[in-house]
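Visitor: Following this message is one structure expressed as C-alpha cells.
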Amino acid sequence: MKDLVTTSFRHGVAVVVVNNPPVNALGTELRRQLHAHLSACAADPDVSAIVLTGTGRNFIAGADLAELSAQPALPSVALIIELLEAIEKPTVAAINGNALGGGLEIAMACRRRVAVDSARLGLPEVRLGLIPGAGGTQRLPRLIGPLAALEMIVGHQIIGSDAAARLGLIDAVCLDDAVDAAIRLVSDATSQPKASDRTDRLATDLSAFDDRAAELLKAARHNRAANAAYLSVRDAVTEPFDRGLAQERQRFVELVDSAESRALRHLFLAERRAARIDPTALVRPVNFVGILGAGTMGGGIAMAFLNAGVAVVLCDATEEGLARGLAIIRRNYETSRNRGGLSDQQVAARLALLSTGIGTEPLSECDLIIEAVYEDMALKKRIFAELDRIAKPGAILATNTSWLDINEIAAVTQRQPDVLGMHFFSPANVMKLLEVVRCAASDSDVVATAMSVGKRIGKTPVTVGVGYGFVGNRMLQARNAELEQLMLEGAMPEQIDAAFRDFGWPMGPFQMTDLAGLDIGWRNRKAHGKVAPIADALSELGRFGQKTGKGFYLYEGGSRTGKPDPEVTALIVDMASRAGTAQRQIEAEEIIERTHYPLVNEGLRVLEEGIARNADDIDVIWTNGYGFPAIKGGPMHWAESVGWSRIAATLQAYSAVRPLIHLTPVRKLPV
Ligand code: T1G
C-alpha cells in the first residue's frame, strides 16, 4: 500500500505529512494512515509536539467526494478530529495550501494554525448540498465568531490567509515554509485551549445573526443544506458543544443521502472529468488570439480572453462592424466598473491587451483564430479558405458555429488537423460552457489545446462530436418540439413557464425567448424553411419580446417582468380553433413529460451516435450552458432518478397518438 502519510522528526517535533494526490482528499486509506500516524505520535514519549501539513497546493481538500456516505469506513474524519483535539502535546497545522471542508475541520482540531499567504480556507459544503459533518459548524464560530462563521458556512465563502488571520482562524501568515513557521509556533501552542472549549468569541446579537442568515438563505434560494447550516451555526451559540455536534451530525447524515446532494456531487466530479486533458497531448502555446467577427458573440469571446489576460486582435469585415463591437466591449466594461466589479486599472489592463483590424490579414500571427461571423455555410467556407492562406503554420482555426457541419468547413483548408469548433454560449464572457467540437480530422493536440484554453479562460469545456447542433442545441430542439402543440392544446405560455420554474429552471422557455428576442428564431426558421406557427404569428406582429415591449408576454412601462397578454391567449385560442385542436386543462406533469422526456431521449441518441462521450458530459453541458437545475444533477442524472423504462413507456404512449421522432423512444436503453 502506498504511503499516503509520512512522519519525520525535527528536534523532537513530529512533522506529519499528508500526500494523497491530486488534492489530499480524505479517502478511506488516507484516513486510516493519518489516524495511525497521529496515534503513534501521541503515544511516543520522544515526540514533544506535532506539526501536520500537506503537499503541493493542498493542505487537505476535504472528504473524498467519490466515496462520501453517511456511514464511512472507520476511522471517520470526526474520529481523527476527536483524536487530534485530545492530544495534550502542542499540535500545529502548517497550512501549505487549500484547507477546505474536512481539511479545515482537521486544522481547527489543532491548537495552533499557520498558513502560507497563498492558502485558501473554507467550509464550502453547502455548494455540494451538504454541511460540514466533522464539527466545523461548532468549532468555526468558536474561533471567529458566529457572524463570520455564517458567511463562511452558509455563504460557502472561501477566504485567503490574510482574512483568516484577521478573523482569528489562523495564528499567523508565513512567507516562508509553513512547517518552519509551525515549529516556531510550537512553544506556545500548549497554552492554547481546544477550539471546542472556547466561548470567548460566541457572544452575538441573535436577531442580527438571524437577519443576516435570512439574507444568505434568500440568496441560496433556501436550499436545504444552507438552512441546515444556519441552524447548526446557530446551535453553536445556543447549545452546549456536544449537543451542537450531535445536531450537526444528524443534519449531515440526512443531507449526504439526499437526491440534491448526490446530484451536486455528481456534477462536481463530472465537470472535472469532462475537462480532463490527455496528459500525453502536446498542448500548443496560445498567447495571441484572433477573433473574426465583432458582433455580440465575437465581442463576448474577446472579453473572455481579455479577462484571462490573453492578448486579442478583434477583426471585422467593416469599420462600422468593428466600431459596433468595440462599443459593446467598452460598454460592458463600463458597466462592470460602475457596479464595482472591476477597477479602473483592471479595465485599462484588459483594454490594453486588445487590438483591432479589418479583414483577415491582422490575424496572420495569431496562435488561435476563432471565427464568429454570421451562421452562413458559404460565408464560413470563404473565410476558412482565406484563413488557411494567411494564418501562420501551427495556428489553430476554430469556428464558433452553433449548428453547422465543421467537417465541411475544415475540408476547404489544407490544414484540416488544425481545424475544430469552439462553440461559446451567449453572453460568451459570462456563460461557463464551451463545446469543443472535434472534427473527423482534428488533431488530438489541437483538441487538447482548445480544452486547455477553455479552462484557462474560466470556461467549463466539454469535447463533443460534429452533428447538427452538436449536443446542447440538438437536445434543445427536442425539448422545445412540443411547446407549440402544448399551447394549441390549452397550456398557455405562462403555465408552461411556471411548470419549468417549479421544476427548478431559472426561467421558462417563453421568458427566455422574450429575453433573447423572437426575431432570432424567426429568422433562423425562415432561413431553414421551418415554421413555428404561434411564434411566427407573434413575430409577424413585431412582437419580438422584451426589446419591443411585447412578445409572448406584455412588458408595460419598460418593465423586464412580463405579464400574460390576453392578445396572445386570443391568438393561440384562435389558431387552435382553426387547427381543429380542442383546448383542455393540461397539468404541469404532462408539460414536463412532453418536454423533458424528449430532451433526455435525444440525449440517448446523441450517445448512440458518439457525439457525446458519455452521459456525464451531457449533464455538464446542460447545467453549464442551458440552466438545467444543478440540484437535479443534469438531464441524464435526473432521467436515471425518473427511470428510463418509465420514460420509454410514456414516450411510447405519446408517440402512439402523434408518431413524431422526438416522441419515439430510443430503441436501446443506455448500458
Ligand atoms: N474529493 C475527490 N476528488 C476531488 C475532490 C474531493 N473533495 N476535490 C477535487 N477532486 C479531484 C477533482 O475531481 C479533479 O479530479 C482533481 O481532484 C483536481 O480538482 C468531511 C463532508 C481543492 C480547490 O468542497 O474545491 O469535506 O478528474 O480540477 O482547480 O465535513 O478541487 O481532474 O482527476 O478542482 O486545483 C469539501 C472540493 C468536501 C473541495 C482544487 N471540499 N475541491 O482545485 O483542481 S465535503 C470541497 C475543490 C467535506 C467534511 C465534508 C478543488 C480544489 P480529475 P480540480 P483545482
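Every read-out reported here was derived from the displayed coordinates using simple, explicitly stated rules and does not represent laboratory data. Source: prediction; values computed, not measured. Ideal geometry is used to build each Cβ from the backbone, glycine not excepted, and the neighbour counts take in all protein chains shown.
Visitor: So if I take the alpha carbon set of the stretch 496-561, get Rg, then get Rh from the Kirkwood formula, what is the Rg over Rh ratio?
Guide: 1.00
Visitor: Just to be sure I understand the model, the point goes 7 Å from the Cα along the line to the Cβ. What's the resulting ALA86 to ASP197 distance in nm?
Guide: 1.5 nm
Visitor: Output wanted: per-residue J couplings in Hz (rounded whole) for the stretch 638-654, from phi through Karplus 6.51 cos²θ - 1.76 cosθ + 1.60, θ = phi - 60°, x for Gly and Pro.
Guide: Those phi angles translate into 5, 4, 4, 6, 6, x, 5, 5, 5, 4, 4, 5, 5, 5, 4, 5, 5 Hz.
Visitor: Sorted by average packing, counted as other Cβ atoms within 10 angstrom per residue and highest first, what order do 347-353, 594-600 take?
Guide: Ranking, from highest mean packing down: 594-600, 347-353.
Visitor: Ok, one more. With a point put 7 Å past each Cα toward its Cβ, work out how far ALA656 is from ARG273 in nm, to one decimal.
Guide: It works out to 3.6 nm between the two label points.
Visitor: Report the FRET efficiency, 1/(1 + (r/R0)^6), for LEU206 and ALA70, where r is their Cβ-Cβ distance and R0 is 35 Å, rounded to 0.05.
Guide: For R0 = 35 Å, the calculated efficiency reads 0.70.
Visitor: A follow-up question, please. Could the peptides 556-563, 372-379 be put in order, highest first, of the mean number of other beta-carbon atoms found within 10 Å of their residues?
Guide: 372-379, 556-563
Visitor: Take SER118 and ALA649, extend 7 Å from each Cα along the Cα→Cβ direction, and tell me the distance between the two endpoints in nm.
Guide: With each label point 7 Å from Cα toward Cβ, the separation is 5.6 nm.
Visitor: Among LEU167, LEU130, which comes first, second and so on when ranked by fewest other beta-carbon atoms within 10 Å?
Guide: The fewest-first ordering by Cβ neighbours comes to LEU167, LEU130.
Visitor: Taking 0.36 nm per residue of separation and subtracting the Cα-Cα distance, what length does fully extending ARG456 through MET1 add?
Guide: Additional length available on full extension: 160.3 nm.
Visitor: Filter the GluC sites (Glu not before Pro) in the stretch 1-90 down to the DSSP loop ones having no more than 13 other Cβ atoms within 10 Å, then list what survives.
Guide: GLU67, GLU88
Visitor: What is the distance in Å between the Cα centres of the stretch 592-671 and the stretch 88-147?
Guide: First find each Cα centre; the distance between them is then 41 Å.
Visitor: Shifting gears a bit: Across the stretch 288-470, how large is the tail of the calculated P(r) beyond 31 Å, expressed as a percent of all Cα pairs?
Guide: Beyond 31 Å sits 10 percent of the P(r) for the stretch 288-470.
Visitor: Still on this structure, please answer the following. Counting Lys and Arg as +1 and Asp and Glu as -1, what is the net charge of the other residues whose Cβ lies under 11 Å from the Cβ of LEU143?
Guide: +4
Visitor: Could you compute the FRET efficiency for ALA349 and ALA570, with r as their C-beta to C-beta distance and R0 at 51 Å, rounded to 0.05?
Guide: Efficiency at R0 = 51 Å is approximately 0.40.
Visitor: Along the Cα-to-C-beta direction of ALA311, a point sits 7 Å from the Cα; which residues of the stretch 263-303 have their amide N less than 13 Å from that point?
Guide: Inside the label zone: 286-290.
Visitor: OK, next. Tilt of helix 178-189 relative to the longest C-alpha principal axis of the chain, in degrees (0 to 90, nearest 10)?
Guide: In the chain, helix 178-189 runs at an angle near 40 degrees to the longest axis.
Visitor: Amide H neighbours of ASN58 under 5 Å, counting only residues 5+ apart in sequence or on other chains, H built in-plane at 1.01 Å?
Guide: Under 5 Å from the amide H of ASN58: ASN98.
Visitor: Sorted by mean Cβ packing within 10 Å, highest first, what order do the peptides 282-289, 572-579 take?
Guide: Ranked from most to least packed, the peptides come out as 282-289, 572-579.
Visitor: Turning to a different aspect of this structure: As a test of the formula, what do you get for the chain when each DSSP H run with n ≥ 4 contributes -39,500 (n - 2.57) and the sum is divided by the residue count, at 222 nm and rounded to the nearest 500 deg cm²/dmol?
Guide: Counting only the DSSP helices, I get -15000 deg cm²/dmol.
Visitor: When only alpha-carbon atoms count, how far does the stretch 278-332 stretch along each of its three principal axes, as whole angstroms with the largest first?
Guide: Between the extreme Cα coordinates on each principal axis of the stretch 278-332 lie 44, 22, 15 Å.
Visitor: Using the Kirkwood radius built from alpha carbon pairs, what does the Stokes-Einstein equation give as D for the stretch 476-657 at 10 °C and 1.306 mPa s, in µm² per second?
Guide: For these conditions, the coefficient is 92 µm²/s.
Visitor: Sticking with this structure for a sec: How much length is gained on full extension from ARG166 to SER48, taking 0.36 nm per residue of separation minus their Cα-Cα distance?
Guide: Contour length minus the Cα-Cα distance gives 39.6 nm.
Visitor: What are the ³J(HN,Hα) couplings of the stretch 246-251, residue after residue, when phi is run through the Karplus curve with 6.51, -1.76, 1.60 and θ = phi - 60°? Round to Hz, x for glycine and proline.
Guide: Karplus values, whole Hz, x for Gly and Pro: 5, 5, 4, 4, 4, 5.
Visitor: Let me ask something else. Using modelled backbone amide H atoms (1.01 Å from N, in-plane), which distant-in-sequence or interchain residues come within less than 5 Å of VAL464's amide H?
Guide: For VAL464, whose amide H was placed from the backbone, the distant partners under 5 Å are VAL436, VAL437, ARG438.
Visitor: Which far-off residues, 5 or more places away or on another chain, put their amide H under 5 Å from the one on ILE396, with H placed in the peptide plane?
Guide: Those qualifying (amide H under 5 Å, at least 5 residues apart or on another chain) are LEU368, ILE369.
Visitor: How long is the gain from GLU319 to GLU239 if the chain were fully straight, where each residue apart is worth 0.36 nm and the alpha carbon distance is subtracted?
Guide: Once the chain is fully extended between GLU319 and GLU239, it gains 22.0 nm.
Visitor: Shifting gears a bit: State whether the stretch 564-671 is rounded, prolate or oblate according to the following rule on the C-alpha gyration tensor (a ≥ b ≥ c being the square roots of its eigenvalues): a/c under 1.5 gives rounded; otherwise a/b larger than b/c gives prolate, and the remaining case gives oblate.
Guide: Prolate.
Visitor: Just how many % of Cα pairs in the chain lie over 36 Å apart, if you round to the nearest whole percent?
Guide: 50 percent
Visitor: If you average the alpha carbon positions of the stretch 232-298 and of the stretch 417-477, how far apart do those two centres end up, in angstrom?
Guide: 21 Å
Visitor: For the stretch 552-559, what does the Karplus curve 6.51 cos²θ - 1.76 cosθ + 1.60, with θ = phi - 60°, yield as ³J(HN,Hα) per residue in whole Hz, taken in order and with x for Gly and Pro?
Guide: Values, residue by residue: 6, 10, 9, 10, 7, x, x, 5 Hz.
Visitor: Averaged across orientations, what area in nm² does the convex hull of the alpha carbons in the stretch 585-636 project?
Guide: Dividing the Cα hull surface by four gives the mean projection, 3.8 nm².
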